[in-house]
Amino acid sequence: MRRQPVQQRGAATVSAILDACAGLLNEYDYDDITTARIVDVAGVPIGSFYQYFPDKRSVVHTLALRGMETYLREVEELFTADLIADTWREAMTQVVAVYLRMLHEVPGFGRVRFSDMLDSHRLDSSVDQYELMAERLAEMFVNRFGAHGDAPVMLTFRIAVQTADALFKLAERVGEDDRAFVVGTANELLAGMLGSVLERPQDPVQSP
């Protein structure tokens, strides 16, 4: 963004632009969306658009960050309100459930998530959304359940985030009968990865 809104009216303008872009991404390919179409759907003057955004790519990038922050805020509320499960495996299931729900409920979230690519168009390479997400999730899980084992915490969470993103994208492309299998496979892989960080080692079996 060129600048952040400081007044309520400016915030409403930015929100309208982002909401318009989210809705358009659900209907059109990236190349078919123009700044003119965005402002028309948003109902704001083109001059107001350029006050905050230099081009449509910056809108998409801001939309991706907004989706990530919305998701992480919901997850953080589970932890801070003590609504998270008692085990890390059950907590992981809750976190995945929030993600899957947002795919269906939040406009544009399914098209603009945490990857840095959209229809082969590069977003801002200075911001690695996978890394940001992995950092926040790792902090929440390790603070709650502790870190165990020799696996690198941050790298493990980053691999898990990117793996989940790729598999959930695949789940959207396959038929409905296969979707549950893909999601189940994703959950099994995530559990295996995160277990190398979060699973407490088993006590050795004592010989009789």
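The values are calculated or read from the model by the stated rules, or taken from the named source; none is laboratory data. Given the structure is predicted, the values throughout are model-derived calculations rather than measurements. For neighbour counting, all protein chains shown are included, and Cβ atoms are generated from backbone atoms with ideal geometry for every residue, glycine included. Note: accessible area is taken over every heavy atom of the protein model, side chains too, but ligands, DNA and RNA are not part of it. Shrake-Rupley method; radii C 1.70, N 1.55, O 1.52, S 1.80 Å.
If you scan segment 18-59, which residues turn out to be basic (Lys, Arg) and either closer than 18 Å to Val106 by Cα or touching a His at 6+ places or on another chain (Cβ under 8 Å) (or both)?
Taking segment 18-59 first, the residues basic (Lys, Arg) are 37, 56-57.
Correct list: Arg57 only.
Can you spot a residue in segment 20-31 that is in contact with a Phe, Trp or Tyr (Cβ under 7 Å, 6 or more places away or on another chain), modelled with pLDDT of 90 or more and not assigned by the TED database to the domain that holds Leu103?
no
From the list Ala91, Ala97, Ala16, pick out the single residue that is surrounded by 15 or more Cβ atoms within 10 Å (Cβ to Cβ), under 23 Å from the mean Cα position of the chain (by Cα) and assigned by the TED database to the domain that holds Ala164.
Values: Ala97 fails: surrounded by 15 or more Cβ atoms within 10 Å (Cβ to Cβ); Ala16 fails: assigned by the TED database to the domain that holds Ala164.
Going through Ala91, Ala97, Ala16 in turn, just one is surrounded by 15 or more Cβ atoms within 10 Å (Cβ to Cβ), under 23 Å from the mean Cα position of the chain (by Cα) and assigned by the TED database to the domain that holds Ala164: Ala91.
Only residues that are modelled with pLDDT of 90 or more, assigned to a helix (DSSP H, G or I) and farther than 18 Å from Gly23 by Cα: list them for segment 47-70, please.
Residues satisfying the conditions are Gly47, Ser48, Tyr50, Gln51, Tyr52.
Could you list, in sequence order, all residues of segment 29-45 that are touching a helix residue (DSSP H, G or I) at 6+ places or on another chain (Cβ under 8 Å) and loosely packed, with under 12 Cβ neighbours inside 10 Å?
Matches in segment 29-45: Ala36, Gly43, Pro45.
Only one of (1) open to solvent by less than 80 Å² (accessible area, probe 1.4 Å); (2) modelled with pLDDT under 85 is not met by Glu105, so which one is it?
Unmet condition: (1).
Among the residues of segment 175-199, count how many are more than 25 Å from Glu135 (Cβ to Cβ) and surrounded by 13 or more Cβ atoms within 10 Å (Cβ to Cβ).
Residues flagged as more than 25 Å from Glu135 (Cβ to Cβ) and surrounded by 13 or more Cβ atoms within 10 Å (Cβ to Cβ) within segment 175-199 amount to 3.
In this structure, is Leu78 assigned to a helix (DSSP H, G or I), in contact with a Cys (Cβ under 7 Å, 6 or more places away or on another chain), modelled with pLDDT of 85 or more and within 24 Å of Ala97 (Cα to Cα)?
no
Being free of Cβ contacts under 8 Å to residues at least 24 places away in the same chain and touching a helix residue (DSSP H, G or I) at 6+ places or on another chain (Cβ under 7 Å) is the filter here; which residues of segment 139-184 pass it?
Listed by number, the residues that qualify are Met154, Leu167, Leu170, Ala171, Val174, Arg179, Val182.
Pairs needed: first member in segment 1-21, farther than 18 Å from Thr70 by Cα; second member anywhere, in a loop (DSSP other than H, G, I, E, B) and modelled with pLDDT under 90; C-beta distance under 8 Å; at least 6 residues apart or different chains.
Thr13/Pro5
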